[in-house]
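Below: one structure, written as structure tokens.
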Amino acid sequence: IKDLYIGARDLDLTVRLLSIYPIRVFTKKDTNERIESRTISVYDAGGSIKARLWDNLTHVIEENAFKPGDLIQIKNCYVKSALNGKPIINIGEGGNIYPYEGNDTSIPDLDSITSNIDSVRAEKENAVISGLISSIPRIIEFSDSRGERKKSLQTMLSNESGDRKLRVALWNVDEDSLPRFFQVNFPIRIIGARIKDGNLQYGNGDFEIHGDEGTIIELKEKPQDYEVHTIRIVSDGRSDNNSVNYIGVDKDKNLVYVNLEGLKSNNVNLNSVIDCIPSRIFGNMVFLKEDSYLELVENNSLPGIEECVSKIKDIKTVGDSYIIESIVLQQPNTTQVNTKNGELVSVTDTLIGDDTGEMRLVGWRDSSAELERLKVGDRIRIIGAVLNSGREGKLELTLRKDTLITNLL
């Protein structure tokens, strides 16, 4: 691969597959002809490169059940310039991709090119990184340059000792492609990522791991599908399309967001205790669908909401969700903010405090209205606000769309 140059033609290559992008469909304006295209990344002992597949070849991945690390042969391809000016392999009419019969030991397997967190020392394209999930994973919606709503995955990846953590940001993710069980302390491998310099505005200044819709997350250990989770419900249910959302706490006083879809929720109420086997767990979000186990139980050993309230001085872990009881110290202020992509959104902030300290509280978009109704002196309970790093790196609490704010008498 290191010897390829723009303009090279009639090439036959033996490589390993690294990452796989979704199929994209285009329509020619002049003929209305439907065209399919797909990008993959491949590597050998000398380097890595992207390759573009066209039309019938876009389905060759599924037809051969190809996966990252597989040896493949690319026949009759050529190299052209991508939009960013870098070389890219083109495989069109007359080209083909086959499984490689046998083994080529000159091309390292996926395990051999996997780096751990401690070995990250420079920027790199098409990297394979392993580590432990060290912060609650979050899915964040954003608008791309075309104004389309997309989703990103944000978390931190640490070494085994936990003394080095790198920010992870995967853009344009499809939630259905993520592992069914994805929680803090799970060992994972990120395949097809980019290592880039860190940004103190969003992380700790260390290198960051970025990816896109072609990046693959692989669990290093398979979790048990049948583990029973016991949760106390600490909020009323909120209907959202075909599902009902609750906030709960587990035995360790951690907040859990419960999503019920296709299950009867009539008997699940504030202070109910449930035993469940989820269909999916993502960070601190538990998804219960028709194939899930759910039962109401009597369990007085689980903490109540009063036992889970945090003092402001104890709110320290970025990405964690908290229950806070505080007083509004400042009249909420609302401004209109232009995002990087030109979107105009409402942002409201105020200052809250308890007997241990003060902290800024922020609501974006629809959550902005939740803060606008507050008045100075109000005693409030906030269930499910997330700690983030805000202005000048100062810690602040941010409302989620399902955060609950109630006035205390």
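Below, the figures for the structure above:
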item	result
Filtered GluC sites (Glu not before Pro), the stretch 286-330: DSSP coil and at most 10 other beta carbons within 10 Å	E290, E298
Projected area averaged over orientations for the stretch 22-176, convex hull of C-alpha atoms, nm²	12.3 nm²
Stokes-Einstein D for the chain, Kirkwood Rh over Cα pairs, 20 °C, 1.002 mPa s (µm²/s)	89 µm²/s
Sites R238 and S37 - FRET efficiency at Förster radius 35 Å, r taken between beta-carbons, to 0.05	0.30
Beta bridges by DSSP in the chain, antiparallel share as percent, to the nearest 5	85 percent
Length gained when the stretch K375-K86 is fully extended (0.36 nm per residue, less Cα-Cα span)	98.4 nm
Within straight-line cross-link reach of K289, lysines at Cα separation under 25 Å, skipping those fewer than 8 residues along the same chain	K150, K151, K222, K251, K253, K264, K401
The stretch 309-407: relative contact order in percent, alpha carbon pairs under 8 Å with at least 6 residues between	30 percent
Cα-based Kirkwood hydrodynamic radius, the stretch 118-184, one decimal, Å	13.5 Å
Point-to-point label distance, E101-K394, nm (Cα→Cβ direction, 7 Å offset)	6.9 nm
Extension reserve of the T317-N338 stretch, reckoned as 0.36 nm per residue once the Cα distance is removed	4.8 nm
Gain upon complete extension [K67, D252; 0.36 nm per residue less C-alpha separation]	62.8 nm
Simple spin-label estimate for N116 and R146 in nanometres, 7 Å along Cα-Cβ	4.2 nm
J(HN,Hα) series, the stretch 293-304, from Karplus relation 6.51 cos²θ - 1.76 cosθ + 1.60, nearest Hz, glycine and proline x	9, 9, 8, 6, 9, 9, 8, 7, 7, 6, x, x
Loop-resident sites, the stretch 254-320, for chymotrypsin sites (Phe, Trp or Tyr not before Pro), counting at most 11 other Cβ within 10 Å (DSSP)	none
Normalised per residue, the volume of the convex hull around the Cα set of the stretch 100-215 (Å³)	145 Å³
Estimated Rh, the stretch 11-99: Kirkwood, alpha-carbon pairs, angstrom	13.5 Å
Sparsely packed trypsin sites (Lys or Arg not before Pro) within the stretch 28-82, loop by DSSP, other Cβ within 10 Å at most 14	K28, K29
Inter-label distance, nm, simple model (7 Å from Cα along the C-beta direction), I139/S272	2.3 nm
Close Lys-Lys pairs in the stretch 11-99, where close means Cα under 18 Å and separation is 8 or more or interchain	4
Taking all pairs of distinct alpha-carbon atoms in the stretch 309-407, Kirkwood radius in angstrom	13.5 Å
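The numbers here are math on the coordinates, done by the rules we state, and not lab data. Keep in mind the model is a prediction, meaning the values are calculated, not measured. No Cβ is skipped: glycine too gets one built from the backbone with ideal geometry, and neighbour counts run over all protein chains shown.
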